[in-house]
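Trainee: Structure in structure tokens, see below.
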Amino acid sequence: MKSAESLYERIVEASPYPVYLCSGEDLVITVANNAALKVWGKDKSILGMRFLHALPEHTEQSLITLIQEVYDSGKADQSIKNSVELLFNDEKKIVIYNYNFQAMRNELGSITGVLCFATDVTNDELLEVNASNEKLVSSNEELAVANEELIDIQERMREQAIEKQVALDRLKAQEGNIKNMVNQAPVGMCIVQGDPLYAVEVNDIFLNLIGKTREELSVNPFWTVNAEIAVHYEPIINNVFATGTSFHADEHEMMLIRSGKEEIVNVDFVYEPMLDEQNKAYAIMIVGIDVTDKVVARKKLQRAEESLRLAMEAAGLGSFSINPATKEFKVSPSMKTFFGVDSNESISFETAINQIHEDYRSMVVKNLEAVFTNNTKFDMEYPILGYSDGQTRWVRAVGRMQNVDGTEALTGVLNDITEKRKDEERKNDFIGMVSHELKTPLTSMRGYVQMLLLKMRKQDDEFVVSSLEKTNTQIGKMTTMINGFLNVSRLESGKIHIDHKLFDLAQLVKETEEESLNTISSHKIIFAPVETTMVNADRDKIGQVINNLISNAVKYSVAGTTIYVACVTVGTRALISVRDEGMGIKPQDASKIFERYYRVEGTQMFSISGFGIGLYLCAEIIHRHEGEIWVDSDFGRGSTFSFSLPVVSPETDQA
Ligand code: ADP
């Protein structure tokens, strides 16, 4: 038995889980293995003690109640879970035990005690805890998802609320905008709505335009206030309401009663429908501008233009414009007759140019180009050959670049100067004839005077000799003048002929130098050395030009000063210049001295004779050589007259 007992004891002892036995009514701990003692933190001394006394700390727990219950009722499979912190190899661990209580019976079946044995359910519990944790996590996740959805919904609701607010604000702003737009518009603006029609918004400009007050418009229907125009415009507005399409009016002339006074005004206006979502016009915006001043001004301008046109026609003037880029040529009907074209026929720029006399054509084209590129003034006189009638008409064209309707064009007038020209021709013929007639007696006078001089020099009568010398000089001057007139008349009647020949300018200058040194003693003349300079020109006439410039230099500078003559080649041009230290020319005269009969006015000029034809002849000769002539001057200090001619290079010559 003992050995059997000790076997049981050993089995009990060997159990790694708590096992104990409470025996008798007093529930005395009769068996308790080490595992049980470890859980309780007790030693073997508690064996034999009542559970109640041995483990008072457990009495308050349900454990003793349960043990008691099992003892009293014998109910099997009573269990309770309990966790305890135990040391295992110096490591603290939480262990969860499931305590099972079984009633112990004797052979008679009476209950003698309660056996308690525990099983370690820590892992199960942990699994359960994990499982519930997972459940918790997943429900947390679900909760999070639900939460996110909730946030989303809230966000969407917030956005919708914002959108709604924005839409509301916009609507309000739109209403405000319309109000602002009407009030701040720089034109008359009015919004009309309703039946009968009332002005719901109107600005001051519109009120001024119709000449009515804000009060009148706010209390009365629109057409009652504007009854004077209702007959015409009410049906139009009704039509805009019905069709939803706008109505535009340009410069409508209407009678308005403005501040009680009838006034005729011109108005540009628009009836613009304001459409709802169904594209139905619910209101109409009237935008109007009073253009009366503009219309009146335009009518005035039209009348002025008409008068100008009539005046121009009466004066024999025609107007023209040339677009430099497109060469579009616009002419007034009267001007077409200048070209010998019927007034309803059109004339192109090319035709107009071709009808210009060939002697003048290239010059006109060149001057036109200068106007187009340099914005200079165009002022030329030239003959035109009538296209269909073959008649020659002299015209003077004057114009400059102007902006016409946004495009730059040469705009000007053309004057028929044929009659004036004929008068001039007659005058020239007369001058020519008189000059010619005067030349013959003058030539014989000169011959006699020179003969007398020869005779008198032998007789040693100083007074007679000097008188004859002066007479001879005066005859010389007179001859020069008469020759000048003769040349002008020849030039004007086209009788001056340019005889082109190839020659060396250096040689011509050399001859001029010799002649000048022999005849001019009052001034010092310095000729700069000249290299061979071949030109194809009229030698006599170029010589005449150089002589003219030298004699002017002598004439317009005091005795004893120096005159410099030079001839150089610059690029393809020969440049001949005559510089003096004389009175000089003011800038305003510089461009005019090459005109016919032009002389500078001034006290100094009283003592200097002349007719203002020398430089005119020089300019005509040089221009007919494709050359240029000009003056640079410092008033009071001297002038430099220069002219240029095209040089003939040896290669060109050979060709
Ligand atoms: P004229 O000498 O007969 O008056 P020109 O045609 O030769 O006619 O000259 C025109 C005008 O130009 C002159 O009247 C004079 O006022 C001015 N002029 C010409 N040459 C000179 C010069 N070298 N210096 C100053 N003025 C000049």
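Trainee: Collect the residues in region 230-245 that are under 18 Å from V265 (Cβ atoms) and crowded, with 17+ Cβ neighbours inside 10 Å, keeping them in residue-number order. Break it down stepwise before answering.
Mentor: Going through region 230-245, the residues under 18 Å from V265 (Cβ atoms) turn out to be 230-233, 236.
Result: Y233, single match.
Trainee: Which residue, of L27, L37, L21, is over 60 Å from the mean Cα position of the chain (by Cα), open to solvent by 20 Å² or more (accessible area, probe 1.4 Å) and at pLDDT 80 or above?
Mentor: L21
Trainee: Can you tell me which residue within region 610-627, out of those that are out of contact with any strand residue (DSSP E or B) (no Cβ under 9 Å at 6 or more places or on another chain) and open to solvent by 80 Å² or more (accessible area, probe 1.4 Å), is modelled with the lowest pLDDT?
Mentor: Within region 610-627, the match that is modelled with the lowest pLDDT is F611.
Trainee: Would you point out the residue of region 571-609, among those that are open to solvent by 20 Å² or more (accessible area, probe 1.4 Å) and in contact (Cβ under 8 Å) with a residue 60 or more places away in the chain, that is farthest from the ligand (Cβ to nearest atom)?
Mentor: The residue in question is T572.
Trainee: Exactly one of these conditions fails for Y597: (1) over 49 Å from the mean Cα position of the chain (by Cα); (2) farther than 23 Å from L491 by Cα. Give me its number.
Mentor: Checking Y597 against (1) over 49 Å from the mean Cα position of the chain (by Cα); (2) farther than 23 Å from L491 by Cα, the one that fails is (2).
Trainee: Can T652 be described as modelled with pLDDT under 95, among the β-branched types (V, I, T), out of contact with any Phe, Trp or Tyr (no Cβ under 9 Å at 6 or more places or on another chain) and more than 8 Å from the ligand (Cβ to nearest atom)?
Mentor: Details: modelled with pLDDT under 95: yes; among the β-branched types (V, I, T): yes; out of contact with any Phe, Trp or Tyr (no Cβ under 9 Å at 6 or more places or on another chain): yes; more than 8 Å from the ligand (Cβ to nearest atom): yes.
Against the criterion (modelled with pLDDT under 95, among the β-branched types (V, I, T), out of contact with any Phe, Trp or Tyr (no Cβ under 9 Å at 6 or more places or on another chain) and more than 8 Å from the ligand (Cβ to nearest atom)), T652 qualifies.
Trainee: Would you mind finding the one in N548, N536 that is in contact with a helix residue (DSSP H, G or I) (Cβ under 7 Å, 6 or more places away or on another chain) and either at pLDDT 95 or above or within 13 Å of the ligand (Cβ to nearest atom) (or both)? Reasoning before the result, please.
Mentor: Numbers: N536 fails: in contact with a helix residue (DSSP H, G or I) (Cβ under 7 Å, 6 or more places away or on another chain).
Of N548, N536, the one residue that is in contact with a helix residue (DSSP H, G or I) (Cβ under 7 Å, 6 or more places away or on another chain) and either at pLDDT 95 or above or within 13 Å of the ligand (Cβ to nearest atom) (or both) is N548.
Listed here are the residues, each with its yes/no results for (1) in contact with a Gly (Cβ under 8 Å, 6 or more places away or on another chain); (2) farther than 23 Å from R393 by Cα.
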position	(1), (2)
V296	no, yes
R303	no, yes
L310	no, no
G316	no, no
F320	yes, no
T326	no, yes
M335	yes, no
N344	no, no
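Trainee: Sticking with this one: State all residues of region 338-358 that are touching a strand residue (DSSP E or B) at 6+ places or on another chain (Cβ under 8 Å) and open to solvent by 30 Å² or more (accessible area, probe 1.4 Å); if no residue qualifies, say none. Even if it seems obvious, please write down each step before you answer.
Mentor: Start the filter on region 338-358 by keeping residues that are touching a strand residue (DSSP E or B) at 6+ places or on another chain (Cβ under 8 Å), which leaves 338-340, 347-349, 352, 355-357.
Of everything in region 338-358, those that are touching a strand residue (DSSP E or B) at 6+ places or on another chain (Cβ under 8 Å) and open to solvent by 30 Å² or more (accessible area, probe 1.4 Å) turn out to be S348, H357.
Trainee: Follow-up. Restricting attention to region 555-565, and to residues there that are among the hydrophobic types (A, V, I, L, M, F, W, C) and either buried (at least 21 other Cβ atoms within 10 Å of the Cβ) or away from the ligand (no atom under 15 Å from the Cβ) (or both), which single residue is farthest from I520 (Cα to Cα)?
Mentor: Our first condition is that a residue be among the hydrophobic types (A, V, I, L, M, F, W, C); within region 555-565, this holds for 558-559, 563, 565.
From what is left, the residues that are either buried (at least 21 other Cβ atoms within 10 Å of the Cβ) or away from the ligand (no atom under 15 Å from the Cβ) (or both) are 563, 565.
Values: I563: 11, V565: 14 Å.
Among them, the one singled out is V565.
Trainee: Now for a separate question. Restricting attention to region 604-615, report how many residues are over 18 Å from N548 (Cα atoms) and within 56 Å of the chain's Cα centre (by Cα).
Mentor: Taking region 604-615 as the starting set, the residues that turn out to be over 18 Å from N548 (Cα atoms) are 604, 606-607.
Add one more test, that the residue is within 56 Å of the chain's Cα centre (by Cα), and what stays is none.
Adding up the residues that qualify gives 0.
Trainee: Also: Testing V530 on (1) within 29 Å of R596 (Cβ to Cβ); (2) in contact with a strand residue (DSSP E or B) (Cβ under 9 Å, 6 or more places away or on another chain); (3) not in a helix (DSSP H, G or I), one condition comes back false. Which one is that?
Mentor: Of (1) within 29 Å of R596 (Cβ to Cβ); (2) in contact with a strand residue (DSSP E or B) (Cβ under 9 Å, 6 or more places away or on another chain); (3) not in a helix (DSSP H, G or I), only one is false for V530: (1).
Trainee: A further question on this structure: Given the structure, is K427 exposed (fewer than 15 other Cβ atoms within 10 Å of the Cβ) and without any contact (Cβ under 8 Å) to a residue 12 or more places away in the chain? First the steps, then the outcome.
Mentor: Values: exposed (fewer than 15 other Cβ atoms within 10 Å of the Cβ): yes; without any contact (Cβ under 8 Å) to a residue 12 or more places away in the chain: yes.
So K427 passes the test.
Trainee: OK, next. Report the residue count in region 515-554 for those that are among the charged types (D, E, K, R) and open to solvent by less than 30 Å² (accessible area, probe 1.4 Å).
Mentor: 1
Trainee: If I ask for residues that are among the hydrophobic types (A, V, I, L, M, F, W, C) and more than 43 Å from the chain's Cα centre (by Cα), which ones from region 243-262 would you list? So that I can check it myself, show each step before the final result.
Mentor: Quick first cut of region 243-262, residues among the hydrophobic types (A, V, I, L, M, F, W, C) only: 247, 249, 254-257.
I257 - this is the single residue of region 243-262 that is among the hydrophobic types (A, V, I, L, M, F, W, C) and more than 43 Å from the chain's Cα centre (by Cα).
Trainee: It is to be established whether one or more residues within region 463-478 are in contact with a Ser or Thr (Cβ under 8 Å, 6 or more places away or on another chain) and either assigned to a loop (DSSP other than H, G, I, E, B) or among the aliphatic types (A, V, I, L, M) (or both). Spell out the reasoning first.
Mentor: Narrowing region 463-478 to residues in contact with a Ser or Thr (Cβ under 8 Å, 6 or more places away or on another chain): 477.
Those still in the list that are either assigned to a loop (DSSP other than H, G, I, E, B) or among the aliphatic types (A, V, I, L, M) (or both) too: none.
No; the residues of region 463-478 include none that is in contact with a Ser or Thr (Cβ under 8 Å, 6 or more places away or on another chain) and either assigned to a loop (DSSP other than H, G, I, E, B) or among the aliphatic types (A, V, I, L, M) (or both).
The values are calculated or read from the model by the stated rules, or taken from the named source; none is laboratory data. A quick note: this is a predicted structure, and the numbers were derived from the prediction, not measured. Here the Cβ is made from the backbone with ideal geometry for all residues, glycine too, and neighbour counts use every protein chain on show. Accessible surface areas use protein heavy atoms only, side chains included; no ligands, DNA or RNA. Shrake-Rupley method; radii C 1.70, N 1.55, O 1.52, S 1.80 Å.
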